[in-house]
1. Just grab the label-to-label distance for residue 150 and residue 71, each label 7 Å out from Cα along the Cβ direction, in nm (one decimal).
2. For a test of the definition: using alpha carbon positions, the gyration tensor, and the 1.5 limit on a/c, classify the range 24-115 as rounded, prolate or oblate.
3. Ranked from highest to lowest mean number of other Cβ atoms within 10 Å per residue, what is the order of the peptides 88-101, 199-212, 13-26?
4. Which one of 185, 147, 8 has its Cα pushed farthest toward the positive end of the charge dipole of the chain, where Lys and Arg give +1 and Asp and Glu give -1 at the Cβ?
5. Express in nm, to one decimal, how much length is gained between residue 166 and residue 56 on full extension, taking 0.36 nm for each residue of separation and deducting their alpha carbon distance.
6. Mind ordering 56-65, 218-227 by average Cβ neighbours within 10 Å, highest first?
7. Between residue 226 and residue 44, how high is the FRET efficiency from 1/(1 + (r/R0)^6) when r is the Cβ-Cβ distance and R₀ = 30 Å? Nearest 0.05.
8. Say a paramagnetic label sat at a point 7 Å from the Cα of residue 4, along Cα to Cβ; which residues of the range 40-66 have their backbone N under 15 Å from it?
Amino acid sequence: MSQRFALIIDPAGPDEERVDYSGSFTLVDAEAPALSVGELSTQRGDGVFESIGVIDSHAQEVGPHLERLANSAHICDLPAPNLEQWHQAIAVAAAACPAGEWVIKLILSRGVEHGPTPTAWVTAAPASDFSAVRRNGVKVVTLDRGYPLDVAERSPWLLLGAKTLSYAVNMAALREARRRGADDAIFLSNDGYVLEAPTASLILRFGDRFMTPAPTGGILHGTTQLSVYEFLAARGFETGYARIPASDLTNADAAWLVSSVRLAVAITDVDGQNLPADQSLTADLNNYLLSPRD
C-alpha cells in the first residue's frame, strides 16, 4: 500500500443498527483531493478529531477514543457519531497498516457550508519516530493560556473540553516554546494552575503518588493518561486528580507528558530549572504503552 490510507465515511445516525457498515466507507487516494472547497473543517476548523496510535496493525484504546469523539461532538453541537460505524472504519484502517507504529486520525466535520450532513473520514499514516525523545525526555516552558481555571464552566462556547480541529493556538504554543529554547509547553491558567500541554496530558510524581490536573471542562481527558494510571495502579502506586498550582511543577520528583502517538516522555527541565527524570519507569511505561490495548 501507499504510505497513507484514507476512508471517506457516509455518516450513519447514532440510532441506526446494522451488523455491517462496510458499504458506508469509500477508499480514496490519500494523496489526491477529496474534500469540497466549501468544507467547514478547512474553512473554519469547525469539527472534531481523534488520533489513535497503531502498533503492528492493532489500534490502541479504541473505546476511550470513540467516547471522547462522541463527547467532543456533543460539546460542539455536531450530530452524534455512530460509534459502531466508526469502530468498523478503524478496524479497516488498522488492518491496512503494516508492522510498526502508525497513527489513525478520525475527523468529524460540520460538513460543507449550508450542507445537510456532516463530513467524516479516517486516515492512516506512519507515525514519526519518537524513540529518541522517549529515551532523552523534553524541556518545557510554561505559557499562560489566558483564562482562569473555571472558564469552561462559565464560558462553554470556548469549547475547551472538546478536541476540535481549531489547533492554531496549540501549534503557536509549540512554536513559542521552541523560540524559547524548549521542546514543548505546558499551559497554565491565568490564576496560577497547571493545565495540559498543547498535544499531551501531564502527569506529576510526588513520592509514590502520581497526580494529573483534574479533567474539568478546560482540560481534555487524556486516553493515554488513563492507560498510564491503570499501569501504575497495578503496580501499587496511588493515582489521582487535583487542582495543581504552577509552583508544584518544579517541586515534583518526576514528570511526564503522555499522548497517544508520542507515548510517555519525561520532562527534564521546566523554564530552565532541571527536573529529575526516572528513566527506568519511563521505559516501563513505554513498554506497556507499546503493548496491545483496547
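1. According to this spin-label approximation, the distance is 2.1 nm.
2. Details: a/c = 2.14, a/b = 1.36, b/c = 1.57.
Oblate.
3. On the way: 88-101: 17.3, 199-212: 19.6, 13-26: 11.9.
Peptide ranking by packing, descending: 199-212, 88-101, 13-26.
4. 185
5. Details: separation 110, 0.36 × 110 = 39.60 nm, distance 3.02 nm.
Once the chain is fully extended between residue 166 and residue 56, it gains 36.6 nm.
6. So the peptides 56-65, 218-227, ranked by packing, come out 218-227, 56-65.
7. Details: r = 31 Å, r/R0 = 1.02.
Efficiency at R0 = 30 Å is approximately 0.45.
8. Answer for the range 40-66: 42.
Here, each number is a calculation from the coordinates, and none is a lab measurement. Remember, it's a predicted structure, so these values are computed and weren't measured experimentally. No Cβ is skipped: glycine too gets one built from the backbone with ideal geometry, and neighbour counts run over all protein chains shown.
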